[in-house]
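Notes follow the structure.
The values are calculated or read from the model by the stated rules, or taken from the named source; none is laboratory data. Source: prediction; values computed, not measured. Note that each Cβ is placed from the backbone with ideal geometry, even for glycine, and that neighbours are counted across all protein chains shown. Surface accessibility is based on the protein's heavy atoms, side chains included, excluding ligands, DNA and RNA. Shrake-Rupley method; radii C 1.70, N 1.55, O 1.52, S 1.80 Å.
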Amino acid sequence: MAFDCNKARGVSSPDNRSSICTEDTIIQANPLSHYWKAKGWKSRNKLGNQKSSYGSIPRDSNTKKDDEASGEAAASTCGIRCFTDLPAALVCEVLARLDAKELGIVSCVSTLLHNLATDHQGWKKLYCERWGLPNLPATLNGPVVPGGPLDGKSWKTFFVEREFRSKSFMGKYNVDVLRGHSEDVRAVFLLASANLVFTGGRDSAVRMWNMEEGLLIDSSRPLGGTIRAIAADTMLLVTGGTNAYIQCWRAVDGNVHLFHISGDGTDQTSEFRLWGHEGPVTCLALDSLRIYSGSWDMTVRVWDRAHMECVQKLMHADWVWDLAPHGNTITSTAGRDAYVWDIRNSELTSLISNAHVGNTYSLARTHLANVLFTGGEDGAIRLFNVSDVSDDDEDSKPVATWVPHSGPVHSLAFEYPWLVSASSDGRIALIDSRKLLTPKKSSKGPFSVKSFDASAIEPPERMLHGVGCDLFSIAIGADRIVCAGEDGAVRVWNFSEALEIERRAQALRSLRQENRMRRRKAQAEMNANGRRPDQCSIAMKKNQLKGDKSVT
């Protein structure tokens, strides 16, 4: 949002320096004045009265006092002419219309605007639009992961840290290989909030790993079939496979690793099964109220978590390959098509026909409304805008298409802004979605898909090689990418080193900026006193060199 600062401050031309405020432009509303005084903000007069800044630079020692006196006198004559003197509801509404970059710029204007922009609930909206609600305890001030510091983080801090972490996927990495499965691994799930990785495959056992250390924590007994799907949160772990039932584990109180999947010496009520599907379970998902499962029996079932019973059954025309819930809707893929259902009334709201040539194997639904990614047997990845899809269209046109793989795309995962894919060609593609999405400045939706020429679509930002086998499943979270395939090994791509490198570079840039500001301030003081700045500049350069050496 652009503010008409010149008009508001009365500095548009030299002609209005002596009459900044007029009766027609003075803002009389001042319901927040008691709040600004409580905050100790005294710079509002300077925003509306800039007389002293146009004259020559004063040379005496009472410059600051004279400026304050002239500012107060002008304020009493002209009244208050500042954006923050608008009604509180209007100020909050204006700030809510800004994106993250604009909120950051506003916070640099003054101390008061810094406090307003930092504590504004718009940061929560911006965070949830990209990553959803953080998986935290009952209060926001809880740790990000178990054992984390209780540092009372604000929503702005959460946003800045998450945005900073997302840049690590273009940096340096190392690969950790987790070995324990005796046959190919068909499903991986990353629970970053609990520092856990869950895997399962043809050997019919579910294994739980420590994400940071790469150590095996626990392993289940053989469940009697190939594990094809895993989903978890901090309260429940569910798996499904060719045996057509859903295996469930509840979190155990006092267990630092949440679940005890081996079942030795634990309460048997923490482990149970859900029956209902008549074919292999191929996909699973959770939210706070429901369990979602898809199967080759051509159905998606919705289970109530409170009573652990099936409450909805959604019929498809072919085998169900993948699903992804979003709010009150759930998206699923069956055969070549993608379905969007309203789970409040079990109605089909959108049908994407012939999304791929061949089966549509994989699906990724973002926290951004109406944005859907699909991966298919043809090796393509497509982006669809669900709001533009009509049931009458025989072939729905994607907004964007990538073909980074030479084999079927078996799995997709999304964490803003990165979409990652795993294929039978043994490669991983990373696609940056920021260039495809633009924020909306309205209440209809948080984001919309940009319109552009399909030939202008950029290729994936990065391709990860070196696996050498079919990849069946992939997950992304924190600064990790986890994938697994037919060789039975689970690979964890660790980008935490890139974060450390970026933090050191950022600290060095901050120090250099601080030194530049000190030099400018010293030179301005010497110019005001009529002295030569040569000696001061040399001294400041020496201090900068010493500071740079201390950082490195």
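Please tell me if residue 269 is assigned by the TED database to the domain that holds residue 494, in a loop (DSSP other than H, G, I, E, B) and open to solvent by 40 Å² or more (accessible area, probe 1.4 Å).
It is false that residue 269 is assigned by the TED database to the domain that holds residue 494, in a loop (DSSP other than H, G, I, E, B) and open to solvent by 40 Å² or more (accessible area, probe 1.4 Å).
Just to check your reading of the model, which residue among 291, 261 is within 33 Å of the chain's Cα centre (by Cα), among the hydrophobic types (A, V, I, L, M, F, W, C) and farther than 22 Å from residue 341 by Cα?
261
Please pick out the residue among 480, 462 that is open to solvent by 30 Å² or more (accessible area, probe 1.4 Å), in contact with a strand residue (DSSP E or B) (Cβ under 9 Å, 6 or more places away or on another chain) and at pLDDT 85 or above.
None of the other options fit; the residue is 462.
I need a count of the residues in the range 373-386 that are closer than 26 Å to residue 187 by Cα and open to solvent by less than 20 Å² (accessible area, probe 1.4 Å).
9
Open to solvent by less than 30 Å² (accessible area, probe 1.4 Å), in contact (Cβ under 8 Å) with a residue 12 or more places away in the chain and not in a strand (DSSP E or B): does that describe residue 262?
In short, yes.
Tell me which residues, restricted to the range 226-241, are part of a loop (DSSP other than H, G, I, E, B) and in contact with a Lys or Arg (Cβ under 9 Å, 6 or more places away or on another chain).
226, 235 - these are the residues of the range 226-241 that are part of a loop (DSSP other than H, G, I, E, B) and in contact with a Lys or Arg (Cβ under 9 Å, 6 or more places away or on another chain).
Quick one: which of 378, 392 is modelled with pLDDT under 90 and either farther than 27 Å from residue 472 by Cβ or touching a Gly at 6+ places or on another chain (Cβ under 6 Å) (or both)?
Going through 378, 392 in turn, the sole match is 392.
Can you list the helices (runs of 4 or more DSSP H) found entirely within the range 79-121 that contain at least 3 residues being open to solvent by 20 Å² or more (accessible area, probe 1.4 Å) and aliphatic (A, V, I, L, M)?
88-96
I need a count of the residues in the range 337-372 that are open to solvent by 20 Å² or more (accessible area, probe 1.4 Å), touching a Gly at 6+ places or on another chain (Cβ under 7 Å) and within 16 Å of residue 294 (Cβ to Cβ).
Qualifying residue count for the region: 2.
Looking only at the range 345-360, count how many residues are under 16 Å from residue 322 (Cβ atoms) and assigned to a loop (DSSP other than H, G, I, E, B).
Selection size over the range 345-360: 5.
State whether one or more residues within the range 280-293 are of a type in the set (Gly, Ala, Ser) and modelled with pLDDT of 95 or more.
So far as the range 280-293 goes, yes, one or more of its residues are of a type in the set (Gly, Ala, Ser) and modelled with pLDDT of 95 or more.
Looking at the range 332-341, is at least one residue in a loop (DSSP other than H, G, I, E, B) and more than 22 Å from residue 239 (Cα to Cα)?
The answer is yes, given that some residue of the range 332-341 is in a loop (DSSP other than H, G, I, E, B) and more than 22 Å from residue 239 (Cα to Cα).
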